[in-house]
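Trainee: One structure is given below, represented as structure tokens, and several questions about it will come after.
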Amino acid sequence: MEFSPSVYEHAARVIGAGPWEVSRDVELLAEGHIEAFRLYEHRPVVVGIDIYNLEAEAYGAEVSRPSGNGIPAISRHPYSTTEELIALEPFDPKSAGRVPMVIEAARRVAEECPLADVRIPLSGPFSLATNLMGFENLLCEIQTGPDSVAEALKHLVAGQVEFCKEIVRRGLDIAFFESAAAPPLLSPDSFRDIELGALREIMEKTSAVVGHPVPCIMGGDTLPILDYILWTGTGYVCCPAATDQQGFMQRMKTHPDVTVRINMDPGPMTAKNFEAVKKEVDRVLSLAENRAKVCIGTGCLPFETDPQMVLKTKEYVLSKDVP
């Protein structure tokens, strides 16, 4: 059984630095993910710290420095209506915001770690719209002008595809994230009527660019929208800790060709409670039921997680000798 921890801001902890500094320095960002891969040998290696902020910042959002070792967050949304999003020109991935820096850091990771599956995070259209407008503004328009929201989401796809093309041009791959669209933030009916068209389009177009089906990674309570996610043609889905994981895996029995990453609750690792970690691993393994295409994930590893606990968790997973 493959162990696939999700390392974003935790890469800063591995090198004894803060998330803010690492998120804005090409050498630190590369070093953090290189050292994390040397420790965990995880797949994929997603190069980033605040992975959902990258494109929004390139479009003009402000990201503020947090206190202590907090995760950088958007402090000002540059737009308030979907009409403004529809009028946006795609950002230039060669020059906008931190995008060139992250691409360069990922290139260095790939060069230093040739066995790593190095990817750059790509936001889905709903997650990007949420960061550009703020969820309250977007929710209001979902209620008053759903057709405009759907149009704005489809408009944002073009810029994300151009970003994807630049990533591939640099010899890298993408990791696709769209957690803002999952229930309870967006209802299953709204997901179907407003988001699904844009999601299918971006999955089809980015898959064509990279040359393989793109994983569709969504956190939250995704079981109610799982059928829609599968309709995108993705070959890789995440079974989040926040959903009915037993129901999710039962539904996936009809899709044996799709890889499932079943996420553990990372809480026991963060709390350094190894007995609870073992129980959590055993619980997830029972959900896998000897599925051929499956791996164990962690969800986003918190910054403060002790690397030794991650290594002990990996050792325990591998000791179970599950094919």
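Trainee: Which lysines have a Cα less than 23 Å from the Cα of Lys278, not counting those fewer than 8 places away in the same chain?
Mentor: The qualifying lysines are Lys293, Lys312, Lys314, Lys320.
Trainee: Let me ask something else about it. At 7 Å along the Cα-to-beta-carbon direction for both Glu304 and Arg38, put a label point, then send me their distance in nm to one decimal.
Mentor: 2.7
Trainee: For the pair Arg200/Ala292, report the inter-label distance in nm, with labels modelled 7 Å from Cα in the Cβ direction.
Mentor: 2.8
Trainee: Starting from 0.36 nm per residue, how many nanometres of slack lie between Leu311 and Arg251 once their C-alpha separation is accounted for? Don't jump to the answer; show the numbers that get you there.
Mentor: Numbers: separation 60, 0.36 × 60 = 21.60 nm, distance 3.13 nm.
Here the segment from Leu311 to Arg251 would lengthen by 18.5 nm.
Trainee: Also, quick follow-up: Can you grab the distance from the C-alpha centre of the stretch 39-104 to the C-alpha centre of the stretch 305-322, Å, no decimals?
Mentor: Rounded to whole Å, the Cα centres lie 31 Å apart.
Trainee: At 222 nm, what helix-only mean residue ellipticity would the chain give, in deg cm²/dmol to the nearest 500, using -39500 (n - 2.57) for each DSSP H run of four or more?
Mentor: Details: 15 runs with 153 residues, N = 323.
It lands at -14000 deg cm²/dmol.
Trainee: Determine by what factor the alpha-carbon radius of gyration of the stretch 3-319 differs from 2.2 N^0.38 Å, reporting the quotient. Can you show the working numbers first?
Mentor: Working: Rg = 18.7 Å, N = 317, 2.2 N^0.38 = 19.6 Å.
In units of the globular-protein estimate, the stretch 3-319 measures up at 0.95.
Trainee: Would you mind getting me the FRET efficiency between Ala158 and Asp282? Use the beta-carbon distance for r and R0 = 45 Å, nearest 0.05. Could you put the intermediate results ahead of the total?
Mentor: Values: r = 46 Å, r/R0 = 1.01.
It comes to 0.50.
Trainee: If one computes the Cα centroid of the stretch 149-177 and of the stretch 246-263, what distance in Å separates the two points?
Mentor: Spelled out, the Cα-based centre of one part sits 26 Å from the other.
Trainee: Per residue, what volume in Å³ does the convex hull of the Cα atoms of the stretch 190-246 enclose?
Mentor: In the stretch 190-246, the Cα convex hull volume per residue is 71 Å³.
Trainee: Counting only residues 5 or more places away or on other chains, whose amide H sits under 5 Å from the amide H of Asp173 once H atoms are built in the peptide plane?
Mentor: Ile120
Trainee: While we're here: Excluding Arg98 itself, what net charge comes from residues whose Cβ is under 11 Å from its Cβ, given Lys and Arg +1 and Asp and Glu -1?
Mentor: Working: positive: Arg24; negative: Asp25, Asp50, Glu55, Glu57, Glu104.
In short, -4.
Every read-out reported here was derived from the displayed coordinates using simple, explicitly stated rules and does not represent laboratory data. Source: prediction; values computed, not measured. Glycine gets a Cβ as well: all are built from the backbone with ideal geometry, and neighbour counts include every protein chain shown.
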